[in-house]
Every structure is written in C-alpha cells, then in structure tokens.
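All remarks here apply to the structure that follows.
The values are calculated or read from the model by the stated rules, or taken from the named source; none is laboratory data. Just so you know, these numbers come straight off a predicted model, no measurement behind them. Cβ: placed from backbone, ideal geometry, glycine included. Neighbour counts: every protein chain shown. Only protein heavy atoms, including side chains, enter the accessible area calculation; ligands, DNA and RNA are left aside. Shrake-Rupley method; radii C 1.70, N 1.55, O 1.52, S 1.80 Å.
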Amino acid sequence: MNFDWLKRTMPRGLYGRAALILFLPVVVVTIVVTIMFLQRHFEDVTRQMTSGMVREVALVAARIEAAPDVGAARDSAREVADPLGLELILPAEPGADWRALYDLSGRIVIAELHERVPSVQAVDLSHRREVRVTLRSGWGHYQLIFPRLRVSASNPHQLLVLMVGTSLLMTAIATIFLRNQLRPIRRLARAAEEYGKGRIISYRPAGASEIRSAGTAFLEMRARIERQNEQRKQMLSGVSHDLRTPLTRLRLGLSMLSPDYPPEPDEIAALESDVAAMGTMVDAFLDHARDAAQDAPPQPVPALDFVRGIVADAQRGGQRVMLHSVAGDEAGRATFRRDSLRRAVENLIGNAVRYGERAEVEAALGPSYFRISVEDDGPGIPAGKREEALKPFTRLDPSRNQNRGQGVGLGLSIAADIARAHGGQLRLGEGERLGGLRAEIVIPR
C-alpha cells in the first residue's frame with residue numbers, strides 16, 4: 001500500500017509533528033468520549049425522564065377528553081395538573097415544534113412526547129427553563145407547561161462548551177510548553193548549522209535531559225574539533241620551527257663542502273644526524289596525525305591485566321619501570337580502545353624513564369572509572385607549566401632535561417588526546433613517593 005500521500009500531508013517541521021502527536025490522540029479521545037457520553041447518558045437519561053413525564057401529560061389529557069364540557073374539562077384537569085406541578089392553559093393557540101440547534105436533548109424530548117402521547121400537536125422548547133406542550137382535544141387546543149429539568153438533565157451543550165473551553169485552554173498551555181521544549185532543539189540546530197558554516201556562536205545546553213545530553217555532546221564534539229584544529233596548527237608551527245634549525249645546519253654544512261676535496265667523515269656524520277632528526281620529527285607528526293583514524297572501536301578489556309601486560313612489555317624492553325600497586329576487581333572490565341590506550345600509557349612510561357631514573361605504575365578500577373598512574377623520580381614539571389606541557393611539540397627544557405632523550409614533544413599531547421577521546425582526562429601532578437612527575441589517565445568504565 002502506497003502511503004506517499006500521507007507523507008506529503010504530514011507536517012515537515014518538528015513543531016508540527018510534535019503538535020500532531022500530542023493533539024491528535026486528545027482530539028480523537030475527546031470526540032469518542034463526547035459521542036458515547038451523549039448517546040449513553042443524555043439520550044438515555046432524557047428518554048427515561050421524558051417517559052415519566054409522558055404519564056402525567058397523558059393523565060391530564062385523559063381528564064380533559066372525559067369531561068362533558070370545557071369548564072368541567074378545565075376544572076378536572078387542574079385538579080390533577082396543579083399537584084403534579086403542571087400549568088394548564090385551556091384554550092390555547094396551536095403551535096409548532098421548536099428547539100435550538102445546539103439543544104441535543106431537546107430532540108429526544110420532542111420525539112418521545114409525540115410518540116407516547118398521540119394528542120400532542122407541538123412541543124415548544126424556545127424557553128430555556130420550561131417546556132410548552134400543545135395538545136389537541138375535543139374542546140380545542142390547550143397547553144401544558146412544566147420545568148425543563150423534569151424531562152432532561154442540563155443541556156448537553158453546556159458539557160460541550162465546557163469541554164471545548166477546557167480543551168482550548170489546555171491546548172494553549174500545551175502549545176506554550178511544547179514551544180519551550182522545542183526552543184532548545186532549535187538553538188542546538190542553529191549552533192550546529194552556524195558551526196558548519198565556520199562560525200562559533202554561544203550555546204548553553206538547556207531543556208529536557210535528552211536535549212541537554214545532545215547539547216553537551218555537541219559542545220564536546222565542537223571543542224574536540226577545535227582542539228584538534230588548534231593542535232594541527234601548533235604541530236605545523238612546531239614542525240616548521242624545529243625543522244628550521246637542522247635545515248640551517250644542512251645549508252651551512254653543504255656550503256662549506258669543497259668541490260676539490262672529498263668531505264670529511266665527521267661532516268658526513270653531522271649531515272646524516274640532521275637528516276635523521278628531521279625524519280624523526282616528520283614521522284612523529286604523521287603518526288600523531290593518523291593516530292585517531294587508525295583506532296579500533298572500544299571493547300570491554302580486563303583492565304588490571306591490561307596494565308600488567310604493558311608494564312611487563314616495558315620491562316622486557318629494558319625500561320626501568322615497575323608495577324607499584326593495583327586496586328579493584330581482578331576480573332573487572334573497562335571499555336576502551338586497547339591499542340590507543342596502550343600507546344598513551346607507553347608514552348607516559350617512556351617520558352618517565354627518559355627524564356628520570358625509574359618509574360612506577362599504579363592502576364585502580366573503581367565502580368565508574370579506570371585510572372592508570374605513572375610516577376617518576378625526574379625533575380617534574382612546575383604547576384604553572386603543566387597546561388602548556390600538554391600542547392604538541394612542547395619541550396620544557398628547564399624542568400625536563402632535554403639531554404636525556406630525543407623526544408619531539410608529542411608524548412603528553414598524544415596521551416591527553418587519547419584520554420579525551422575516551423571521555424576522560426590526563427592529569428599532571430607532583431609525585432608523592434618518587435618526587436617527580438605524576439601523570440594520571442582517568443577514563444569512565
């Protein structure tokens with residue numbers, strides 16, 4: 001079955017669809033309940049009350065038909081009508097049936113009186129609080145007047161007016177509420193659209209918890225993209241800056257070579273050293289740039305065994321590192337990208353043994369977190385420069401002995417990026433046991 005016509009008629013916007021989902025069931029239920037109530041309550045109740053009134057009207061009509069003359073008919077009928085609360089007018093002018101269009105129960109009253117009392121000529125419901133029934137007799141037309149409440153409950157139009165009024169009021173309230181709920185979605189969509197055009201506008205998550213979660217995820221994504229863009233710029237700047245020195249030495253060395261004499265071995269070794277340093281910088285840049293694209297999806301991994309394996313591999317590689325302590329459920333698992341997190345921890349261990357004599361690793365698996373700490377006995381990093389140390393190609397010569405290694409300043413930056421990619425963070429502090437730098441990766445389980 002083809003429902004393309006339905007798709008074309010459906011609202012396009014979120015507001016229209018949400019309003020349709022909210023109001024259509026309410027309208028349908030209201031209509032169904034109204035129809036059932038009118039049929040089951042007003043019609044049945046009105047028919048029952050009118051049936052009781054028919055007997056009283058028929059009794060008065062029988063008195064009038066049995067009287068020998070008009071006067072006797074009037075007196076005999078009033079003997080019955082007055083105790084029954086009926087007002088008699090004899091003789092009276094002929095009339096016609098009349099009811100208001102919105103008087104739904106009046107249709108039942110008129111039909112019942114005509115069906116049950118053959119002498120009824122007209123039923124006038126033009127007066128809101130009374131019923132005027134015109135009957136035929138051998139002495140002419142006469143009228144019986146009685147309160148409307150005796151043949152029907154309060155007019156159903158009052159219920160309809162109340163229902164419609166209440167529905168309109170609740171619709172207005174729901175519309176305002178719905179608009180307030182959709183406003184954060186529009187703001188989020190606008191912020192995403194503007195960011196797609198290269199413009200960053202102020203945005204603060206608001207609204208329902210799901211919308212707040214989406215807004216927070218958008219802000220984190222935007223911050224991560226901006227951070228990556230900034231890192232790319234810093235990396236390009238760092239590469240160009242760091243390559244300038246070996247390139248200058250290469251130019252100088254080449255200019256000093258004589259075409260008449262072969263170069264000395266020391267000169268060749270110096271040139272090769274500069275080329276190797278430049279290759280190391282370029283390789284580090286490319287590895288860092290391709291790292292995120294090569295990551296496998298997160299998987300549940302036995303957390304503490306994972307850390308033990310990294311430490312064991314580092315020890316087999318000749319690094320002076322030991323596992324100080326582990327805490328938590330031995331069989332517990334944490335969800336992360338095994339290869340990228342291993343690289344982050346290995347970078348921290350490599351930095352620790354490069355700038356210190358030895359390193360110690362701690363691991364803790366909590367109910368909602370997984371923490372890996374690496375502490376060394378090196379010079380550490382001053383508190384005011386720890387934020388700067390997380391930037392790519394940053395090497396803090398005064399605090400981290402540059403002569404101890406040939407790093408290009410990407411180790412901490414890569415570890416911080418990997419921690420953030422897992423929804424966690426890399427924290428730098430001062431080691432309490434060894435006195436050097438303490439680096440902690442904390443990610444959610």
Any residue that is open to solvent by 10 Å² or more (accessible area, probe 1.4 Å), free of Cβ contacts under 8 Å to residues at least 40 places away in the same chain, in the same structural domain as G431 (by the TED database) and β-branched (V, I, T) - is there at least one of those in region 352-359? yes
Item to complete: Might you let me know whether region 153-167 holds any residue that is in a loop (DSSP other than H, G, I, E, B) and loosely packed, with under 12 Cβ neighbours inside 10 Å?
Response: yes
The number of residues in region 72-114 that are farther than 14 Å from Q143 by Cα, in contact with a Ser or Thr (Cβ under 7 Å, 6 or more places away or on another chain) and surrounded by fewer than 17 Cβ atoms within 10 Å (Cβ to Cβ) is 1
Exactly one of R107, R63, R129 is of a type outside the set (D, E) and modelled with pLDDT of 90 or more, and that one is R63
For region 115-124 the number of residues that are without any contact (Cβ under 8 Å) to a residue 60 or more places away in the chain and either open to solvent by less than 10 Å² (accessible area, probe 1.4 Å) or closer than 21 Å to P91 by Cβ (or both) is 6
With criteria (1) farther than 30 Å from I185 by Cβ; (2) open to solvent by 60 Å² or more (accessible area, probe 1.4 Å); (3) not basic (K, R), I21 comes up short on (1)
Taking region 176-232 and keeping only residues that are in a helix (DSSP H, G or I), within 14 Å of the chain's Cα centre (by Cα) and closer than 24 Å to H422 by Cα, one is left with L188, S209, E210, I211, R212, S213, A214, G215, T216, A217, F218
Here the residues within region 362-385 that are of a type in the set (D, E, K, R) and under 13 Å from R445 (Cα atoms) are R371
In region 198-222, residues that are open to solvent by 40 Å² or more (accessible area, probe 1.4 Å) and at pLDDT below 85 total 3
L135 passes all but one of the listed conditions (1) open to solvent by 30 Å² or more (accessible area, probe 1.4 Å); (2) in the same structural domain as L20 (by the TED database); (3) within 30 Å of L101 (Cβ to Cβ); the exception is number (1)
Q.
Is it the case, given these coordinates, that R316 is at pLDDT 75 or above and either under 41 Å from the mean Cα position of the chain (by Cα) or not small (G, A, S) (or both)?
A. yes
